[in-house]
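Chemist: After the structure tokens below, expect a handful of questions from me.
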Amino acid sequence: MKQIQIAEFGAPDVLQCVEVEIPEPQAHQVVIKVNAMGINPIDYKTRRGLGFVAEKAKSRLPWVPGYDVAGVVYAKGAAVTGWEEGQRVCGMVNFPLPAGGYSEYVVAMPEMLAAIPDSVSDTDAAALPLAGLTAWQGLYETGNLCSGQRVAILAAAGGVGHIAAQLARHSGAQVWGTASVSHHDFLEEMGIKPVDYHDEKSLEKLKDMDFVFDAVGGETGIQALDFLATGGTLVTLPTITAEQIMQAAKERGKHARGYTVHPDAKQLQTLLEYIADKQLQINIQKRFPLEEAAQAHALLEKGHTRGKIILAV
Ligand SMILES: NC(=O)c1ccc[n+]([C@@H]2O[C@H](COP(=O)([O-])OP(=O)(O)OC[C@H]3O[C@@H](n4cnc5c(N)ncnc54)[C@H](OP(=O)(O)O)[C@@H]3O)[C@@H](O)[C@H]2O)c1
């Protein structure tokens, strides 16, 4: 089977396609035959040698990136119950290590998986897990989003942002989203009030927010503390700058929190049902063949994706 590995950290061309044996499941594992994989910024940050996963992976190279997979159960260990061979499944698997999703077949723990509803495509199911769980957990676990709140989503057109924006709308919040003007039609279609982050005047619309969902981080996250109403909360995603933003919040008497996504099959199943019920739409910007993982990374790394980028077998 084909698999994408990195033997060293670096630019996209360190992603190499190799042939390896199809894995065998242990008693408590399943093997998924993967049809589509989602890619996420953590994949390219780790490939570059940045962040907490790279720190752990550096002594375990070669490393196979990827957490988001959709496909069918190909084989299962003797102790696995609840899943049958041939059943359509998706999940955020093997997070943070060993990862391994950029493979035609991947070993996974069955409790990380959710069943893909008939009406949901493999592509959407592969795009959903990490970004969808991040959106859910940021809004409802780390944050405490309530109906009627004023919410700003920073990077609302991105992989996590476009899901968070739709969830916040469904929860009855008033939602503003930052993006370049080229994405504003996309935000409006989702019922989001667009704000051009390149334009100071446009940013003035972000006042007295009860909740800021910061999918950008760094200086942008620090500046966004000024958008908060008294008692409001900023939840920041990029883990590399979370401490810095929480410290800045403390100095200004504001409230900011960071978090790291975790697998949760129940939340994932709920999100899949939202897609099936057309309450949530996943935008796929582009699909690449697995062998073109380097091109897919190069596009995602530009930082201007609308929705998600997918690898397909
Ligand atoms: N803590 C966690 O567990 C966790 C989980 C998932 C993701 N993350 C992190 O969250 C961040 C977002 O992830 P993602 O998958 O949504 O990334 P993404 O899909 O690559 O985000 C792309 C979007 O970012 C927008 N953008 C870039 N700079 C911006 C700015 N200054 N202001 C507003 N929008 C801006 C772009 O819009 P334009 O084209 O208009 O520039 C584009 O639509 C990443 O840093 C990722 O590592 C953290």
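Chemist: Residue under question is MET246, and the condition is that it be open to solvent by 30 Å² or more (accessible area, probe 1.4 Å), closer than 25 Å to ALA126 by Cα and among the hydrophobic types (A, V, I, L, M, F, W, C); does it hold?
Modeler: no
Chemist: For the range 222-260, what are the residues that are under 12 Å from GLY143 (Cβ atoms), within 16 Å of the ligand (Cβ to nearest atom) and out of contact with any Phe, Trp or Tyr (no Cβ under 7 Å at 6 or more places or on another chain)?
Modeler: LEU234, THR236, LEU237, ALA256, ARG257, GLY258, TYR259
Chemist: Please pick out the residue among GLY221, GLY177, GLY161 that is closer than 20 Å to GLY307 by Cα, under 19 Å from the mean Cα position of the chain (by Cα), part of a helix (DSSP H, G or I) and not polar (S, T, N, Q).
Modeler: GLY161
Chemist: Mind listing whichever residues of the range 143-182 are surrounded by fewer than 24 Cβ atoms within 10 Å (Cβ to Cβ) and within 9 Å of the ligand (Cβ to nearest atom)?
Modeler: Scanning the range 143-182 gives SER180, VAL181, SER182.
Chemist: Same structure again: Determine whether the range 100-116 contains at least one residue that is touching a Pro at 6+ places or on another chain (Cβ under 8 Å) and open to solvent by 50 Å² or more (accessible area, probe 1.4 Å).
Modeler: Checked the range 100-116: at least one residue is touching a Pro at 6+ places or on another chain (Cβ under 8 Å) and open to solvent by 50 Å² or more (accessible area, probe 1.4 Å).
Chemist: Considering (1) of a type in the set (D, E, K, R); (2) open to solvent by 20 Å² or more (accessible area, probe 1.4 Å); (3) modelled with pLDDT of 95 or more, say which one LYS207 fails and leave the rest.
Modeler: Condition not satisfied by LYS207: (3).
Chemist: Hey, which of the strands (runs of 3 or more DSSP E) in the range 88-155, taking only ones fully inside, have at least 2 residues that are more than 19 Å from ALA36 (Cβ to Cβ) and in the same structural domain as PHE213 (by TED's automatic domain parsing)?
Modeler: Filter on the range 88-155 gives 150-154.
Chemist: So VAL69 ticks every box in (1) assigned to a strand (DSSP E or B); (2) farther than 17 Å from VAL107 by Cβ but one. Which box is left unticked?
Modeler: Exception for VAL69: condition (2).
Chemist: Now, a different point. Please enumerate the residues belonging to the range 272-313 that are outside the structural domain of ASP118 (by TED's automatic domain parsing), in a helix (DSSP H, G or I) and over 16 Å from the mean Cα position of the chain (by Cα).
Modeler: Correct list: GLU273, TYR274, ALA276.
Chemist: Now for a different question. Scan the range 62-71 and tell me whether some residue there is over 27 Å from ASP122 (Cα atoms) and at pLDDT 95 or above.
Modeler: Scanning the range 62-71, I find at least one residue that is over 27 Å from ASP122 (Cα atoms) and at pLDDT 95 or above, so the answer is yes.
Chemist: Name the residues in the range 39-54 that are outside any helix (DSSP H, G or I) and open to solvent by 10 Å² or more (accessible area, probe 1.4 Å), would you?
Modeler: If the condition is that a residue be outside any helix (DSSP H, G or I) and open to solvent by 10 Å² or more (accessible area, probe 1.4 Å), then ARG48, GLY49, LEU50 are the ones that fit.
The values are calculated or read from the model by the stated rules, or taken from the named source; none is laboratory data. This structure is a prediction, so every number in the text was calculated from the model and none was measured. Cβ atoms come from the backbone with ideal geometry, glycine included; neighbour counts cover every protein chain shown. The accessibility values were calculated without ligands, DNA or RNA, using every heavy atom of the protein model including side chains. Shrake-Rupley method; radii C 1.70, N 1.55, O 1.52, S 1.80 Å.
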